[in-house]
Structures are given as structure tokens and as C-alpha cells.
1. What would the Debye formula give as log10 I(q)/I(0) at q = 0.17, 0.20, 0.24, 0.33 Å⁻¹ for the alpha-carbon point model of the stretch 30-75, no solvent?
2. Any idea what diffusion coefficient the stretch 129-200 gets from Stokes-Einstein, in µm²/s, Kirkwood Rh on alpha carbon pairs, 4 °C, 1.567 mPa s?
3. So what's Rg/Rh here for the chain, counting alpha carbon atoms and using the Kirkwood radius for Rh?
4. Compute the projected area of the convex hull of the Cα atoms of the stretch 111-238, averaged over all viewing directions, and report it in nm² to one decimal place.
5. Chymotrypsin sites (Phe, Trp or Tyr not before Pro) within the stretch 166-238: which are DSSP loop residues with at most 14 other Cβ atoms inside 10 Å?
6. Could you order the peptides 131-144, 63-76, 95-108 from most to least packed, using the average number of other C-beta atoms within 10 Å per residue?
7. Considering only C-alpha atoms, what is the centroid distance from the stretch 155-193 to the stretch 82-133, in Å?
8. For the stretch 136-150, just list the computed ³J(HN,Hα) in residue order, Karplus coefficients 6.51, -1.76 and 1.60, θ = phi - 60°, integers in Hz, with x standing in for Gly and Pro.
Amino acid sequence: MIENGCLPSHIAIIMDGNGRWARQQGFARFRGHKQGAESVREITRECSKKQIKQLTLYAFSQENWRRPQREINLLMGLLKNYLVNERKEIKENNIRLTAIGRIYGLPEDVQRELTISIEESKNNTGMVLCLALNYGGRSEIVDAAKNIAESVKLGKITTEEITEEIFKKYLYTCDMADPDLLIRTGGEMRVSNFLLWEISYTELWVTPVCWPDFKKVHLEEAIYDYAHRERRFGGLRA
Ligand code: IPE
Ligand code: IPE
Ligand code: MG
């Protein structure tokens, strides 16, 4: 049993291992992505039930454009279907959908469905579900730097006024708290350009379980592990 105060408010997940899962089952990679969408449904529902405040899912990185066009098309199709099919569930669970990344770089039909889902759920007061799409942590920082430079040029702020707090306001994640817990499935020990600024003091939890196999029990294992960690933020034990 975990007391509410020990629950992470914001969980971020690098949903990796879809391709490997498919290979292990003797399927094409796409079957792994399709099955991965089922895990998205289950984990979103569970986090919402547990009253986690925010769930951020790394769904497509900027670097994922390096994949074969066929896989990219299939992923975009899956994303579009997900957005359309999940509207009802999002509404019923009072979830507010948001997105981070260079959204304008996504196919237009995906952007359209995304805008509808965001708009329809904007007044929901439950968990925030944030999808990282065409997202890159370095690009996010570069985009912030460009916008700050623009603000300085326009005389809205001075160079001396730039602090970490001000910088944060220019990130895609300006209105979100930093993640408390970052889960990576598929076993790789890397962050793959995800939320570089935001995870400076996030607790990391990596599991070899591939994303399509990641279920409620694994989520609970990660949360349990998190609840027993001591976060010091550079200070000393309380
Ligand atoms: C994660 O699974 C999904 C995306 C990156 C879109 P992968 O497709 O990277 O699966 P592996 O890592 O090849 O097993
Ligand atoms: C990270 O997985 C990106 C997403 C889960 C969307 P990748 O499979 O793209 O990461 P690398 O290539 O193993 O670092
Ligand atoms: Mg991968």
C-alpha cells in the first residue's frame, strides 16, 4: 500500500521495444506498434484511476523520421486512429489531452485530429495526458532560446532577467511540473533526447519488459519502487 503523498504526480514514459516484441512473437514490427497502443490505453486508464496528475508519453521522436517511410506511415495512421477512437474514453475519464513537440511537422490529417481532441478535452479537470510527438529535447531547448532572443530583441525582457524560471516559461512544457518518475521499457539505458531540461531531478526506472507487454502490474512495480526512493535534490537526508 502506498500513501497518496508518495505517489509520483507526473509520470513520463519512453514506450520502447515494440519492434523487439513483434520479432519475438514472429510478427512484423507493425504488430508491435498496434499492440503498444493497447498498453497506452491500459496505462492511461490506470494512471487516471490512481489520480496521477500527469502522464507524458513519448510516442514519436524527431529522430524516428529516420525509419523506413512505410513504418512512419503506419505509425502515423495508428496515431490518427488512436486520437479518433480514444475521444470517448478521454471524455469519460475527464482526461485533458495535450501535446509537445514540433506539431506542425506532423502530417496534416494527424494535426487535425490532434487539434480536435485537444479542443474537446480542454475543460476536463482530471489527469493531463501529454503526447510527445515529433519531439526532441534539444530542439525544445533551441526553440526556447530562439523565442527568448526574440523577446530580448523586442524589449520584452532584458538579458539580465533570464533565469531558470524564465527559461522554463519558454519551453513546450511551460505549464507542466517536471516529471517525478521516468519509466523506460525495452531495457535501453538511455534517454534518447526526451525531456532533457525537465528530467534533471527525475527518478529513472528502466524495465526489460517491452512496451506491448507493459501492464498495470509493471506500472505498480515502478510506482512502488519510486515511493521507496529518497529524493535529495542535491541536499542532505531530511
Ligand atoms: C518504440 O518501439 C516505438 C517508437 C519509437 C515509435 P520501437 O519501434 O523503437 O521498438 P524497438 O526498440 O525497435 O524494439
Ligand atoms: C525512443 O525510442 C523514442 C520513442 C519511444 C518514441 P527509440 O527506439 O527511437 O530510441 P533509440 O533509437 O533506441 O535510442
Ligand atoms: Mg526502440
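Throughout, read-outs are computed from the coordinates displayed, never taken from laboratory work. None of the values given here were measured: they were computed from a predicted structure. Here Cβ is always computed from backbone atoms with ideal geometry, including for glycine, and neighbour counts include all displayed protein chains.
1. -0.61, -0.75, -0.90, -1.18
2. The diffusion coefficient I find is 95 µm²/s.
3. For the chain, the value is 0.97.
4. Value for the stretch 111-238: 11.4 nm².
5. Tyr201, Phe233
6. In descending order of packing, they fall as 131-144, 95-108, 63-76.
7. 21
8. Per residue, the Karplus-derived 3J(HN,Hα) values read x, x, 5, 4, 4, 5, 5, 4, 5, 4, 4, 5, 5, 4, 4 Hz.
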